[in-house]
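To start, the structure itself, in structure tokens.
The values are calculated or read from the model by the stated rules, or taken from the named source; none is laboratory data. Because the structure is a prediction, the values reported are computed rather than measured. Heads up, the Cβs are rebuilt from the backbone with ideal geometry, glycines too, and the neighbour counts pull from every protein chain shown. For accessibility, only protein heavy atoms count, side chains too; no ligands or nucleic acids. Shrake-Rupley method; radii C 1.70, N 1.55, O 1.52, S 1.80 Å.
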Amino acid sequence: MVLCFLADEVNQSIIISGESGAGKTETAKIAMQYLAVLGGGSGIEYEILKTNPILEAFGNAKTLRNDNSSRFGKLIEIHFSETGKISGAKIQTFLLEKSRVVQCAEGERSYHIFYQLCAGAPRALREKLNLKDVDEYKYLKQSNCYSITGVNDAEHFHIVKEALDIVHVSKEDQESVFAMLAAVLWLGNVSFTIIDNENHVEAVQDESLINVAKLIGCDAADLNLALSTRKMRVGSDNIVQKLTLSQAVETRDALAKSIYAGLFEWLVEQINKSLAVGKRLTGRSISILDIYGFESFDRNSFEQFCINYANERLQQHFNRHLFKLEQEEYIQDGIDWAKVDFDDNQDCLHLFEKKPLGLLSLLNEESTFPNGTDYTFANKLKQHLNSNPCFKGEREKAFTVSHFAGEVTYDTTGFLEKNRDLLHLDSIQLLSSCSCHLPKAFASNMLNQSEKPVVGPLHKAGGADSQKLSVATKFKGQLFQLMQRLESTTPHFIRCIKPNNFQSPGSYEQGLVLQQLRCCGVLEVVRISRSGYPTRMPHQKFAKRYGFLLLENAASQDSLSVSVAILHQFNILPEMYQVGYTKLFFRTGQIGILEDTRNRTLHGILRVQSCFRGHQACRHFKELQRGIATIQSFVRGDKTRKEYAVLLQRHRAAVIIQKQIKGMNAKKTFKNIRDASIVIQSAIRGWSVRRCSGDIGFKSGVPKADEPDEVLVKSSFLAELQRRVLKAEAALREKEEENDILHQRLLQYENRWSEYELKMKSMEEVWQKQMRSLQSSLSIAKKSLAVDESERSSDASINTSDDREYCWDTGNNLKVPESNGLRPMSAGLSVISRLAEEFEQRSQVFGDDAKFLVEVKSGQVDASLNPDRELRRLKQMFETWKKDYATRLRETKVVLNKLGNEDGALDKVKKKFWGRRNSTRFGF
């Protein structure tokens, strides 16, 4: 069905029929779930499925034959988009059984929602609505049935609330809905008291009346007045008529039924608004009809009369499509066919619909008479319809109709009242004056219905203001609209068979099942399917669909010739098909052979196309990949060259900065060492001068012959000596002070010398690190040269190495002069400076040469030399210089140690000199 729907774009319909309790509601839900899976994806399908709990709660009830009987009919029209996805839905309902709200037979229940509300309402809602248990409401306790085996009403109430949320019914509207349900229950508890001898009544001012007025939002006095009185217009005057007990009860029940019916219609309207969101009118839809099944009870009333009439109309639709149109098509197309007889229910439909002497016409006619009663209606039926073979009059107020499913006896009690379905204008005005918005909406809808054309005279003066059309007339109109809708679609029938009358699983009553199969015409359908041609296709469509399977080209032939050629090619037996004037007719299963071959051929074509397209896509992809790789290589190469140029520039700048800083540090160190050497030299030279001046001596005796002259000389000489001694002592004191100063300076120089030794050690460690780094650089360069050695020619000139001059100075053995003063110390310091400077120069030269050879090897610099040979030569020079440098460094340390020993000897000489001077001084 779905494939035909998508391929042919013809609207489809699924008509589910069968007796009450046969499983029509569950079948409809399964069909909806199947369509939701096929056309899901937009999210609206979940809302469509969630309408089932709401409609079942408000429209289904327990009957003697079914625990979940649909007491209304519904047509669910599911719309689809161009891509086959569900885009929206619309629900249409038919003939809700309103009388079940106020009256239930023994063992049955009213609508599920009443019991679910009383069982599952939370405490806050119960207090707000003043809810009580189900056995305290008269409408619910009259049947003495409060529960269903295996059903949890409280749990179902929560499911209904969730479904209301999903279909976008607001919390405020939900509370209003529950308030209307509670108002209906409390209306059933409203009682009346007689106030005069004429049996006139008024409502009792008790809890029930007050709760109803509070829930619907009106004044209790106005409610009392609407239930116990009726305003009538006679001429230009308004007369208030008091009601009797029976009239007041009818008014109360009519108000309760109208509120519930209005609530049901309002809910369906809200659901349709929710399901219409995002719907695009594409003209594609699948309709599912779930309508009440055929019913036959011990006592059948007006509701069963309407339900069975609807099933008669659906049975006629079934017969027309599966029997009449089927066989008429065979005859019109000129194929050989033996007509199959079937039970036609057209006579029964004439009994219902014939004018002016049909059941519906006589019912409407009697309903318009002021004095018409159920008894007069029954007599009129017997008088006019006894000659009809489908009608049989019974005793008193009963009559029997021969339906397609069997005979059903109806009791006309309540027929006229239910057909009129009166709600007085006073009740409508009461609802329109309520503060709650739902009663106002109900009243507005009733007033709109009252504007429809009047079928006949009014029931009585001031009477059916709210209902100009009878229930039977409205239902017949809805049924004809439904039939028109179904006629515009391709129907698909589902017959539900009831296995037993006891609602017991796994039990089959053979007689009951066979009776249903016969009455529903299933046996005749099977007979036609076996002997008929269920599959048919026009010649043009058949040739277009299967023409490519021909082995020979038949493009120039007509469609009939192509079709016959296809049948002969696939060896389909002549008795399995017939060729009509416009169509080909096939028996069951024959078209499947062609479909399988067609599918295999198309699958092979698709495989070839997919492989070829995949090959093309792979080629295109590889071309794009190669182009992208080329572009990436150019971009990355350019980016790398730019980055390398920046790094090279930074490296050269860093080398220049390092050279400048190292030069400044070296100059500063050299200046400090030179100044210190000058100070040490000046001190040592002064000490040497003072030591040489201490060798001057004095003679101790003269000849005695000249003693007087000598005494004079000695005296003067003694005075001179004394003067010299004083002067020498003063000089000595000055020298001692200078000696102290020199001693302090010597200590400072010793400290500096220790610092120089530490610097030498750190310089040696730095040298070792740099040597290791240089060796690693040389090894890396050697490896890089070895990789490319096979790719480059070795014909470069060897003599180019003589063009570069490497200032390899092997150095001379250090000889520190042993001159007097501070010259050895200054020489040692200068040697240290030269060693450090030589280390820096050699390190930079080796690094630059190695870098140059790497650049020559990588091709960045053009030079006519062999980089491998020059690298080995550079390594040999480095090893030679390293050994020589280490030797000179050790010799420098030895010399420095000797200079330290000589400083200790100088101290000893100095002490000896000053001791000699002191002894000479004391000698005088």
Wholly within the stretch 385-443, strands (runs of 3 or more DSSP E) carrying at least 3 residues that are hydrophobic (A, V, I, L, M, F, W, C):
398-403
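For the stretch 338-363, give me each residue that is over 30 Å from residue 531 (Cα atoms) and either open to solvent by 30 Å² or more (accessible area, probe 1.4 Å) or β-branched (Val, Ile, Thr) (or both).
As a first pass, look at the stretch 338-363 and keep what is over 30 Å from residue 531 (Cα atoms): 350-363.
Of everything in the stretch 338-363, those that are over 30 Å from residue 531 (Cα atoms) and either open to solvent by 30 Å² or more (accessible area, probe 1.4 Å) or β-branched (Val, Ile, Thr) (or both) turn out to be 350, 353, 354, 355, 356, 357.
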Selection within the stretch 6-61 - farther than 20 Å from residue 492 by Cβ and hydroxyl-bearing (Ser, Thr, Tyr)
20, 42, 46, 51
Pair list, Cβ < 9 Å and 6+ apart or interchain, from the stretch 515-529 residues that are in contact (Cβ under 8 Å) with a residue 40 or more places away in the chain to residues that are among the aliphatic types (A, V, I, L, M) and surrounded by fewer than 16 Cβ atoms within 10 Å (Cβ to Cβ)
524/340; 527/340; 528/340
Can you pull out the residues in the stretch 309-352 that are touching a Ser or Thr at 6+ places or on another chain (Cβ under 8 Å) and assigned to a helix (DSSP H, G or I)?
311, 314, 315, 318, 348
Turns out the helices (runs of 4 or more DSSP H) fully within the stretch 1-112 with at least 2 residues that are under 17 Å from residue 303 (Cβ atoms) and charged (D, E, K, R) are none
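Listed here are the residues, each with its yes/no results for (1) modelled with pLDDT of 90 or more; (2) not acidic (Asp, Glu).
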residue	(1), (2)
408	yes, yes
411	yes, no
424	no, yes
431	yes, yes
457	no, yes
460	no, yes
464	no, yes
469	no, yes
489	no, yes
Just one of 94, 114 is among the hydrophobic types (A, V, I, L, M, F, W, C), open to solvent by less than 10 Å² (accessible area, probe 1.4 Å) and at pLDDT 95 or above; which is it?
114
Give me a count of the residues in the stretch 127-142 that are surrounded by 15 or more Cβ atoms within 10 Å (Cβ to Cβ) and in contact with a Lys or Arg (Cβ under 9 Å, 6 or more places away or on another chain).
3
Please indicate, with yes or no, whether at least one residue in the stretch 177-198 is in contact with a Gly (Cβ under 7 Å, 6 or more places away or on another chain) and over 19 Å from residue 256 (Cα atoms).
no
Condition check for residue 382: open to solvent by 10 Å² or more (accessible area, probe 1.4 Å) and part of a helix (DSSP H, G or I)
yes
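With the condition being farther than 17 Å from residue 132 by Cβ and open to solvent by less than 20 Å² (accessible area, probe 1.4 Å), I'd like the strands (runs of 3 or more DSSP E) fully within the stretch 148-234 carrying at least 2 qualifying residues. Give the derivation first.
On the way: elements: 192-194, 201-203, 229-234.
Hits in the stretch 148-234: 201-203.
Could you tell me which of the residues 286, 239, 271, 259 is in a strand (DSSP E or B) and modelled with pLDDT of 90 or more? So that I can check it myself, show each step before the final result.
Details: 239 fails: modelled with pLDDT of 90 or more; 271 fails: in a strand (DSSP E or B); 259 fails: in a strand (DSSP E or B).
Answer to the selection: 286.
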